[in-house]
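Just below is one structure, and these are the notes that go with it.
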Amino acid sequence: MADKEATIYILDLGSSMADCHNGRIESDLDWSMRYVWDKISTTVAASRKTWNVGVIGVKTDDTDNPLDSQDGGEGYEHISVLQELGPMTMGSLTALRDSVKTSNTQIGDAISAIVLAVEMIEKFTKKLKYNRRIVLVTDGEAPIDNSDIDDIAQKIKRSGIQLTVLLDRGVDFDDSEFGFKEEDKSGIKEQNEAILKDLVEKCNGLYGTIAEAISELETPRVKSVKPYKTYDGLLTLGDPSVHEDAMSINVERYFKTHKATVPPASRVVMKTESSTNPSSVADGDGMQGVEPMPSFSAVKDARTYKVNDPDAPGGKRDVDRDNLAKGYEYGRTAVHISESDYNITKIETTKSFSIVGFIYEEKYEPFLNMGGTCMTVAQRFNDAAALKLSSLIHSLHELESYAVARIVTKDGKEPALILLAPHIEPDFECLYDVPLPFAEDVRNYPFPHLHKVITVQGNTITENHRNLPSLELQQAMDDYVDAMDISSWEKDDEGARTMEYAAVEDLFSPPLHRINQVIRHRATYPTQPIPPTPAILLKYANPPEDLVAKARSDLEDLIDKASVKKGKISLATTVIMLSTNIRLVPPKAQGRKAKGDKPRPISGLDIDALLKQPENKRAQISPDKAIPEFKQKVEIADNQADIEDAMKQMGAIIRGIVTKSFSDQDYERAVEHIGVMKETAIDYEYPDLFNKFMVDFKSRLLSGEFGGNRRELWWRIKSVKLGLIDSNASEPSKVTPEEAAAVSKTLSETLFLRYTADI
């Protein structure tokens with residue numbers, strides 16, 4: 001397929017196009033230009049110099065075309081070339097937008113405009129390979145000369161031009177497939193419709209209405225690209241240079257699927273007066289795919305590298321990039337690697353494609369697929385290679401196996417492991433491949449079984465366990481899943497539900513196509529608001545409403561069997577919870593956290609019972625092991641007095657840490673202890689104990705009681721949001737969010753008196 005395109009749009013600009021029809025508030029011209037602007041802006045966004053666009057206006061007030069001066073120009077009056085055939089840019093789009101407007105005349109022959117377009121295309125493309133197109137947009141309200149229709153049709157066919165006629169003024173032209181027939185049609189319009197249909201049929205063109213064309217604009221266009229070769233060479237099994245019986249096949253490898261990326265944003269700034277002079281513009285670097293605009297200029301990046309130098313002004317000095325050493329980031333540490341070590345660790349690779357092993361299909365896990373898909377075919381015009389590759393493909397297919405291969409697409413490039421899968425069609429055979437992960441790319445996360453429970457003693461329980469679903473629950477889940485089946489929920493042309501609801505070919509990427517749509521709209525209409533998101537992009541955002549209504553009774557039965565009592569959760573979360581018989585936790589009771597609320601470990605051991613030491617409830621918390629001992633002391637507490645004692649001991653330890661800290665050495669440790677203390681106060685619903693501590697702590701901190709000026713510690717506490725516990729964080733708290741925010745800045749007198757009265 002040719003990568004070069006030449007498209008000419010013929011626009012009817014007659015006075016009748018200024019009217020509004022079919023209840024619209026925009027003119028027929030503006031409405032029909034939706035389609036034309038969308039196509040032209042798509043060409044501009046592609047930034048392809050080989051995609052050429054021309055525009056001709058018919059029924060214009062003036063006459064401006066090269067055929068007007070030939071043979072007296074008879075028949076070519078009121079036809080103007082609004083844009084010569086050539087590459088389309090943002091500048092030409094802006095100029096064209098100002099030129100497209102209705103005229104004050106109804107004189108102009110659309111057939112003559114088609115002849116002019118054919119001449120322009122032939123002159124521009126010559127004998128080169130182009131995709132040639134002519135698109136006519138007209139309302140058919142002006143006389144058309146059909147005396148040379150047969151010759152014109154033959155000329156269009158010989159030139160390889162595809163003619164598309166779009167009839168304007170809504171769906172006023174008859175279209176049986178689109179479901180419209182106009183009543184009370186004028187005689188001239190009916191005659192023109194017949195003439196244009198006859199021309200389209202004779203040159204094998206396309207015929208339709210603007211309404212139909214505009215209705216298809218919201219459907220995303222899947223971009224088809226030229227095949228891109230990623231590898232061209234030998235596919236081997238064994239080393240042909242060592243073993244005579246090693247396999248060696250000449251193959252070519254192409255992309256099958258490739259990720260479509262979202263268009264990147266370009267960074268621009270408003271031009272200053274000094275940057276608008278010709279010399280400065282000529283010296284500046286342009287942005288790829290972005291034209292220089294009168295009011296904007298590209299943002300330039302400048303990097304400088306500095307090192308610490310006590311003798312330099314400011315303690316740092318600039319160095320050249322060539323003087324920097326190579327290093328790699330390990331965590332947050334830069335690890336230096338010398339050039340000699342780098343050369344040793346760097347893999348010296350050569351271009352190769354070799355099979356290193358085989359695996360049965362049933363042994364391969366699909367989740368190991370990574371990246372896009374490529375396909376490997378035999379070298380073109382090489383029958384011997386085609387026979388060899390076909391033998392390999394059929395062998396893999398018969399043995400139900402895959403091949404694992406190592407590929408280096410060119411010298412010096414990093415090697416990759418890929419999985420080769422056979423694909424056989426009546427007239428096409430190939431090996432599809434996907435990248436395989438390395439060991440570092442695989443993460444293993446063990447989860448408990450959903451269908452069985454293994455006890456500490458090693459016994460296996462498959463039923464009558466609180467973590468296993470009952471038979472009634474499983475049946476209810478099965479019924480609900482069957483009721484939500486979308487494999488045959490889409491209606492066909494006859495209204496029967498026989499088609500798949502969300503077929504792969506009907507799924508689109510909403511971010512990609514929405515951004516492209518917005519870019520095209522903004523390029524065409526700079527001042528208009530962004531249009532709403534097309535319904536086709538949101539079609540699969542929610543399940544079908546009629547399907548949800550159909551499955552409502554099964555869902556209610558499932559909720560009843562699973563004893564779901566409270567909570568508003570998503571459908572996916574519901575399915576996961578119900579499949580494991582998990583129940584929603586009831587509202588937390590006021591007061592101390594119940595010991596039974598704590599989840600039991602998988603081992604089944606009662607850790608609290610093993611560590612509980614009732615005789616040591618009043619034991620002192622060790623400053624060296626403050627956090628674990630504090631948590632343990634709170635866990636075994638039987639009343640509020642025990643918790644108050646633990647909180648007071650923790651507060652004393654925190655004050656001691658701050659007092660003994662050398663500069664800010666132990667600030668992070670103090671912040672960690674305060675965080676544990678706050679979390680415990682929220683969990684056990686004793687916010688006042690923590691709030692009293694914080695008010696007292698800040699008062700002492702700001703007064704210098706902890707060995708000098710420690711104000712920096714308060715800023716660290718504020719940065720991690722360890723202020724007072726307000727009523728939003730814990731319902732029993734008497735502190736409002738406004739009061740908590742005030743304490744973070746300064747001590748409120750009311751709060752100070754409230755919390756220091758009994759300290």
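With a bin width of 10 angstrom, please list the P(r) values of region 1-110 as percents of all Cα-Cα pairs, from the 0 bin to the one holding the largest distance.
14, 41, 32, 12, 1
Show the residues, 5+ positions off or on another chain, whose built amide H is closer than 5 Å to the amide H of Val404.
Excluding prolines and chain starts, which carry no amide H, the hits are Val356, Gly357, Phe358, Ile359, Leu420.
Output wanted: per-residue J couplings in Hz (rounded whole) for region 250-264, from phi through Karplus 6.51 cos²θ - 1.76 cosθ + 1.60, θ = phi - 60°, x for Gly and Pro.
Computed from phi, the couplings for region 250-264 are 7, 10, 10, 10, 10, 5, 9, 10, 8, 5, 8, 8, 6, x, x Hz.
Going by a ≥ b ≥ c, the root eigenvalues of the Cα gyration tensor, does region 404-504 fall in the rounded group (a/c under 1.5), the prolate group (a/b larger than b/c) or the oblate group? If you can, show how the numbers build up before the last one.
Details: a/c = 3.54, a/b = 1.24, b/c = 2.86.
In terms of gyration-tensor shape, oblate.
Order 532-542, 52-62 from most to least packed using the mean count of other Cβ atoms within 10 Å.
Numbers: 532-542: 12.6, 52-62: 23.1.
Listed from highest to lowest mean packing, they are 52-62, 532-542.
Using a 10 Å cut-off around each Cβ, can you sort Asp68, Asp696 from fewest to most neighbouring Cβ atoms?
On the way: Asp68 19, Asp696 16.
Going from least to most buried by this count: Asp696, Asp68.
Out of residues 5 or more away from Leu82 or on other chains, whose amide H comes under 5 Å of its own, with H placed 1.01 Å from N in the peptide plane?
Close amide H contacts, sequence-distant or interchain: Val55, Ile56, Gly57.
Around Gly372, with a cut-off of 13 angstrom between Cβ atoms, what is the net charge of the other residues, counting Lys and Arg +1 and Asp and Glu -1? Numbers along the way, then the final one.
Numbers: positive: Arg253, Lys256, Lys259; negative: Asp433.
Local charge sum for Gly372: +2.
Assign one of three labels to region 5-215, namely rounded, prolate or oblate, based on the Cα gyration tensor with a ≥ b ≥ c the square roots of its eigenvalues; rounded applies when a/c is under 1.5, prolate when it is not and a/b is larger than b/c, and oblate otherwise.
Working: a/c = 1.35, a/b = 1.18, b/c = 1.14.
The shape class here is rounded.
By count of other Cβ within 10 Å, fewest leading, how are Asp726, Asp318, Asp139 ordered? Walk me through the numbers on the way to the answer.
Values: Asp726 19, Asp318 10, Asp139 25.
Fewest-to-most ranking of Asp726, Asp318, Asp139: Asp318, Asp726, Asp139.
For Arg317, list long-range residues whose amide hydrogen, built 1.01 Å from N in the peptide plane, is under 5 Å from its own amide hydrogen.
Hits under the 5 Å cutoff: Val307, Asp309.
Note down the net charge around Lys39, summing +1 for each Lys or Arg and -1 for each Asp or Glu among other residues with Cβ under 13 Å from its Cβ. Let's see the in-between values first.
Details: positive: Arg34, Arg133, Arg221, Arg520; negative: Glu5, Asp38, Glu216.
Around Lys39, the charge tally is +1.
Pairs to check: Lys223/Lys351; Lys49/Lys300; Lys346/Lys413; Lys223/Lys300. Give those whose C-alpha atoms are more than 22 Å from each other in this structure. It would help to have the intermediate numbers written out before the result.
Values: Lys223/Lys351 31 Å; Lys49/Lys300 25 Å; Lys346/Lys413 10 Å; Lys223/Lys300 32 Å.
Result: Lys223/Lys351; Lys49/Lys300; Lys223/Lys300 exceed 22 Å.
Relative contact order of region 5-215, please, whole-number percent, based on alpha carbon pairs below 8 angstrom and at least 6 residues apart.
Computed value for region 5-215: 24 percent relative contact order.
Run the reach check for Lys565 against lysines, Cα to Cα strictly under 30 Å, same-chain hits fewer than 8 apart removed. What comes back?
In chain and number order, the partners are Lys452, Lys550, Lys588, Lys593, Lys595, Lys598.
Could you derive backbone 3J(HN,Hα) for region 522-533 from the dihedral phi with the Karplus parameters 6.51, -1.76 and 1.60 (θ = phi - 60°), listing whole Hz in sequence and x where the residue is Gly or Pro?
Here the 3J(HN,Hα) series is 5, 5, 8, 10, x, 9, 7, x, 5, x, x, 5 Hz.
For region 653-715, list log₁₀ I(q)/I(0) at each q in 0.16, 0.21, 0.26, 0.29 Å⁻¹, using the Debye formula over Cα point scatterers of equal strength and ignoring solvent, two decimals each.
Debye output, listed in q order: -0.50, -0.82, -1.13, -1.29.
Show which aspartates and glutamates lie in cross-link reach of Lys157 when reach means a straight Cα distance below 15 angstrom and same-chain residues fewer than eight apart are skipped.
List returned: Glu119, Glu122, Asp148, Asp198, Glu201.
Shape of region 679-724 from its Cα gyration tensor (a ≥ b ≥ c, root eigenvalues): rounded if a/c is under 1.5, otherwise prolate when a/b > b/c, or oblate? Mind dumping the intermediate values first?
On the way: a/c = 3.55, a/b = 1.80, b/c = 1.98.
Cα axes put region 679-724 in the oblate bin.
Whole angstrom only: what separates the Cα centroid of region 208-271 from the Cα centroid of region 1-64?
31
Sorting Glu74, Glu84 on the 10 Å Cβ count, fewest up front, what's the list? Write down the numbers at each step before the final one.
Numbers: Glu74 10, Glu84 13.
Ranking Glu74, Glu84 by Cβ neighbours within 10 Å, fewest first, gives Glu74, Glu84.
Read-outs throughout are calculated quantities, based only on the coordinates presented, and are distinct from any laboratory measurement. In this text, all values refer to a predicted model and were calculated from it rather than measured experimentally. Reconstructed Cβ throughout: ideal geometry from the backbone, glycine too, with neighbour counts over all protein chains shown.
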